[in-house]
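In what follows, a structure is listed as structure tokens, so that the remarks can point back to it.
Values quoted throughout were computed directly from the atomic coordinates according to the rules given, and no laboratory measurement underlies them. Not measured: the values here are computed from a predicted model. Here Cβ is always computed from backbone atoms with ideal geometry, including for glycine, and neighbour counts include all displayed protein chains.
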Amino acid sequence: MSRDLSGAREVLDGDDVARALTRIAHEVVERNRGAADLVLLGIPKRGVPLAHRLAERISAAEGIDVPVGALDVTMYRDDLRLRPARALEPTDIPPGGVDDRTVVLVDDVLFSGRTIRAALTALEDIGRPRAVRLVVLVDRGHRQLPIRADHVGKNIPTSLVESVKVRLAETDGHDGVLLDKPAHDTQAPDEQQEATP
Amino acid sequence: MTATLIQNARVLGGDPQDVLIDDGVIVALGTGAAREDADVIDATGLIALPGLVDLHTHLREPGREDAETVESGTRAAARGGFTAVHAMANTDPVADTAGVVEQVWRLGREAGHADVRPVGAVTIGLKGERLAELGAMAESAAGVRVFSDDGVCVHDAQLMRRALEYVKAFDGVIAQHAQEPRLTEGAQMNEGELSGRLGLRGWPSVAEEAIVARDVMLAAHVGSRVHICHLSTRGSVEIVRLAKERGLPVTAEVTPHHLLLTDELVAGYDPRYKVNPPLRSAADVAALREALADGTIDIVATDHAPHPVEAKDCEWDAAAFGMLGLETALSVVQHAMVDTGLLDWAGVADRMSYAPARIGRCDGGDQPHGRPIAVGEPANLTLVDPTTTTTVDPSASASLSRNTPYEGMKLPGTVVATFLRGRMTHQTGGIA
Amino acid sequence: MIRHLLSAGDLSLDDATLVLDTADEMARLTEGRAVKKLPTLRGRTVVNLFFEDSTRTRTSFELAAKRLSADVVNFSAKGSSLSKGESLKDTALTLEAMGADGVVVRHSASGAPYRLATSGWINACVVNAGDGTHEHPTQALLDAFTMRRHLGELAGKRIVIVGDVLHSRVARSNVLLLATLGADVTLVAPPTLLPNGVDAWPCATSYDLDGALAGADAVMMLRVQSERMNAAFFPSAREYSRRYGLDTRRQRLMPPEALVLHPGPMNRGMEITAEVADSARSVIVEQVTNGVYVRMAVLYLMLAGTNSEEAA
């Protein structure tokens, strides 16, 4: 296990991330019995590039284009009042919409479950999927709502004072997952899945 | 009345002297003046000025006793170091008859804080249509010598000419509120870059200057004296300066607020800064200070204009024009003129006592004001501590109103005591 | 983000860009959707406090607030105590007692929203929906949003604003916002309708409309009230229209892709002819649609989060 300069411990490296995504891609197809009627929606920020990578893998394996988009859940969060209003990330629903399709929500870290709750509410306003499934790269536990992921890259047991940082080439220049234990940060998990600024 | 001995006062800012007062009159002046039965006041470090005279005060009574009464307004005057105030005519009813001016005059005598010299309206009801009975007011017990429609301009040139001529018969003076009405319809603040930006209707300097220019020429033509109220622009200063160079009989006043505050204050739309004429630019303020120093502007007059809270606690357009001024006038003048080296204390005595009394013709008669501090003169005196600094607190005012623009500002100088014909009309806690 | 939106000049480049980007998202989140409503401001109360009639602005704010699920209360001069002379202060105290989170205020007195925001009468966020002849910041934002959608980033774009600048809150807000966004603005008006001191504004001025049109990326026509001619601002509606109106001949002087804007309501035949108003390059109707997105963005940014003072 390596440590970066800030003292964070790398729990997944670039190869681990790639392998996890490949496995999840296969699981999704297997569960769906093919790639037909799948729509992948990434939750900004890092869920979006993850969704695109999964779509590429599924398309390559199954030989059909899988629609992929982005679903910003900011407007649906239940913790908006706890901090200053934030900028919205793009929401991009593929042209075919979500009605009667299987929507796969993709996010980087599953923590309290509140982001996913917000995503489910947001989906309601967009259409009526046949089913909704959830893919996360990391499940760090500490759920506050009865929500679980269908496909998980890696379960990482954490304490509340720790933070999980997902790094992706598209947003951060390289791939990896870091576990950090800041001495001062005791942020409760009802903020975002990623307890970092 | 017992005698009072004021020890070590710096008369007009000069060397310390003792001033002995007996029966309302200064009876001795110099060092070592003594009298065994006299009340002794230690005035070490204090400046002694002749009692200040305000040529421009709004006492609001009769009619708006919720904003000010003769009693409260003159109490504020005494606290500001004034021993005489000229009460403007825009009351309700308007002071346009002998009856109203006598009533105001009598209320002043009963209150006893300062002598009240009523100003008579030039026109009936301030309507600018027909002359009020100027002669009757002059002959009344109030002995009116200053006439003004202040608040509105006597804009009809013919009427102004007649008024200027008519008051010559009893040595009166017309005090003009110089505001061309058409150029200032709906005007809200000084016209300039800021008024355009704030979207407030501009009040151009030329609206004042056009009337000032016209009236000095009218006064010259008919051989009457004219007094210009609250001069506020550099252009008006230039006109008055030119007129005086030509020997024309014009006098002019400036308010303390126009010597200190600028239109930049309007940027927050706080109606405390809404006043007529409006606060002007920094260049105007500089010109006014210079003109007061060189005598182009003869006097400081407060334009003390009390308004109830609700008249200012609203949006700018709906707010009343006007600011309190009596209690802060001397501090503002010290700050703007004395501490800047533009005027010495003798100059302050001239601009705030001798000259206003002269213009108002209350420097003679039985109970004169604006007289020098000298043996045999009435003991109208103001003692000032120029070394203090006070943060202005509206709630501490003697006025019934709170609309001071100086709230929270630190101003120098304190009026420690005021004497009206030997009687102390005001004193701070610090002296015995 | 700022706590109150009183002047377009209060917005930094970052703030203004945030509002415009957020409005883009609002458009995407609601355009073509069956469910146009977002739950974001559920439980928040927005009061539309209109001391001056303006059905279109009030409706736009009302729609924006409702699409964000806020509770909306309309206070207008007609049918409430405002017309009975109740003061701005008493009205504000009433709104505070009712628990308003945001107050959208339209007032005929310049600076009235400043008084509401700064006098300590209320804690609510104040949005200026047009005050006297001062400002109308959300109009400037929707104008910028509309132009940006067609022209891309506005830095370096040449915008010509024509008409009664003196009495126009739209012009003031547009000059400030467009300067912040880096556009080159030229005001065109007869000299009587340019404010004293306009030289100090961050824009150019001209009395000659034909000359200003040649390089324009967008031309914004301001409403001119014919009453102004009674106050001698110009001799007649006909002369105004001839010298400062936008007609087909003048539109041909503009580059073919240049936009035509108007904040409405239009005086067709006065400052703009029907042919120009209804032409392909006119985005006047789109401005109305975009007004809702921009106001949603403003309400979201000001009301959705905790305000920074509380957070600090």
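Data table
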item: Whole-number Å³ per residue for the convex hull built on Cα positions in the protein assembly as shown; result: 208
item: Range of Cα positions in region C:240-283 per principal axis (Å), largest first; result: 25, 20, 14
item: Solvent-free Debye scattering, log10 I(q)/I(0), computed from the Cα coordinates of chain A at q = 0.09, 0.10, 0.14, 0.15 Å⁻¹; result: -0.32, -0.39, -0.78, -0.90
item: Taking only Cα atoms of region B:64-359, radius of gyration then Dmax in Å; result: 17.9, 51
item: Restraint check, C:LYS36/C:LYS66; B:LYS274/B:LYS312; B:LYS410/C:LYS89; A:LYS45/A:LYS165, Cα-Cα greater than 19 Å; result: B:LYS410/C:LYS89
item: Shape of region C:33-171, Cα gyration tensor, a/c cut at 1.5; result: oblate
item: Around B:MET323: net Lys/Arg minus Asp/Glu count, Cβ-Cβ under 9 Å; result: +1
item: Value of relative contact order over chain B, rounded to a whole percent, pairs C-alpha under 8 Å and six or more apart; result: 19
item: Which of B:TYR269, C:TYR114 has the fewest Cβ neighbours within 10 Å, and the rest in rising order; result: C:TYR114, B:TYR269
item: C:LEU253 paired with A:ASP99, simple spin-label distance in nm, labels 7 Å along Cα-to-beta-carbon; result: 5.2
item: C-alpha long axis of helix B:157-166 to longest principal axis of chain B, angle in °; result: 30
item: Two-site label geometry, B:ASP42 and B:ASP156: point separation in nm, points 7 Å out along Cα→Cβ; result: 6.3
item: Sum of side-chain charges, A:ARG101 neighbourhood, beta-carbon under 9 Å (Lys, Arg +1; Asp, Glu -1); result: -2
item: Spatial separation of Cα centroids for region B:342-385 and region B:70-89, in angstrom; result: 15
item: Efficiency of FRET between C:ALA97 and C:ALA204 - r from beta-carbon atoms, R0 35 angstrom, step 0.05; result: 0.15
item: Bins of 10 Å from zero: percent of alpha-carbon pairs in region B:66-124; result: 26, 54, 20, 1
item: Cleavage-rule hits, trypsin sites (Lys or Arg not before Pro), region A:66-168, DSSP coil, Cβ neighbours within 10 Å at most 12; result: A:ARG130
item: In order through region B:57-67: 3J(HN,Hα) via Karplus (6.51 cos²θ - 1.76 cosθ + 1.60), integer Hz, x for Gly, Pro; result: 10, 9, 9, 6, 9, x, x, 10, 5, 6, 8
item: DSSP bridge pairs, the protein assembly as shown: antiparallel proportion in percent, nearest 5; result: 30
item: J(HN,Hα) series, region B:337-343, from Karplus relation 6.51 cos²θ - 1.76 cosθ + 1.60, nearest Hz, glycine and proline x; result: 10, 7, 5, 8, x, 7, 9
item: Spacing of the two label points (7 Å from each Cα toward its C-beta) at A:ARG33 and C:ASP14, in nm; result: 5.3
item: Furthest towards positive pole of dipole, A:ILE156, B:GLN176, A:VAL48, structure part the protein assembly as shown, Cβ charges; result: A:VAL48
item: For chain C, share of DSSP beta bridges that run antiparallel, in % to the nearest 5; result: 5
item: Scaled radius of gyration (Cα, divided by 2.2 N^0.38 Å) that region C:210-312 gives; result: 1.43
item: Amide H partners (placed H, <5 Å) of A:LEU110, local residues excluded; result: A:VAL138, A:ASP139, A:ARG140
item: Whole-Å semi-axes of the ellipsoid equivalent to region C:188-254 (Cα gyration tensor, √5λ, descending); result: 20, 18, 9
item: Rounded tilt (10° steps) of B:205-222 against the dominant C-alpha axis of chain B; result: 80
item: Distance from region A:145-186 to region A:26-58 (C-alpha centre basis), Å; result: 20
item: For region C:1-105, average projected area of the Cα convex hull in nm²; result: 7.7
item: Size of charge dipole - region C:1-148 - debye, nearest 20, with Cβ of Lys, Arg +1 and Asp, Glu -1, no other charges; result: 540
item: Relative contact order of chain C, pairs being alpha-carbon contacts under 8 Å that are 6 or more residues apart, as %; result: 20
item: Chain B: calculated mean residue ellipticity at 222 nm from DSSP helix runs of at least 4, using -39500 (n - 2.57); result: -7000 deg cm²/dmol
item: Residue among C:ALA237, C:ALA204, C:PRO137 farthest towards the positive dipole end of region C:137-287, charges placed on Cβ; result: C:ALA237
item: Nearest-20 debye value, region C:137-287 charge dipole, Cβ charges on Lys, Arg, Asp, Glu; result: 120
item: Relative contact order of region C:137-287, pairs being alpha-carbon contacts under 8 Å that are 6 or more residues apart, as %; result: 24
item: Volume of the Cα convex hull of region C:137-287, divided per residue and given in Å³; result: 95
item: From phi via Karplus (6.51, -1.76, 1.60), per-residue ³J(HN,Hα) for region C:101-116 in Hz, x at Gly/Pro; result: 8, x, 10, 9, 10, 10, 8, 6, 9, 4, x, 4, x, 4, 4, 4
item: Expected 222 nm ellipticity per residue - DSSP helices of 4 or more, -39500 (n - 2.57), all of chain C, to 500; result: -11500 deg cm²/dmol
item: Residues of type aspartates and glutamates that C:LYS37 reaches as a straight line, Cα spacing below 14 Å, ignoring anything fewer than 8 places off in the same chain; result: A:GLU124, A:ASP125, C:GLU25, C:GLU62, C:ASP71
item: Solution diffusion estimate, µm²/s, Stokes-Einstein, chain C, Kirkwood Rh from C-alpha pairs, 37 °C, viscosity 0.692 mPa s; result: 165
item: Surrounding net charge for C:GLU257, when Lys and Arg each add one and Asp and Glu each subtract one, Cβ distance under 14 Å; result: +4
item: Estimated dipole of region B:64-359 in Debye, rounded to 20 [Cβ of Lys and Arg +1, of Asp and Glu -1, Cα centre]; result: 620
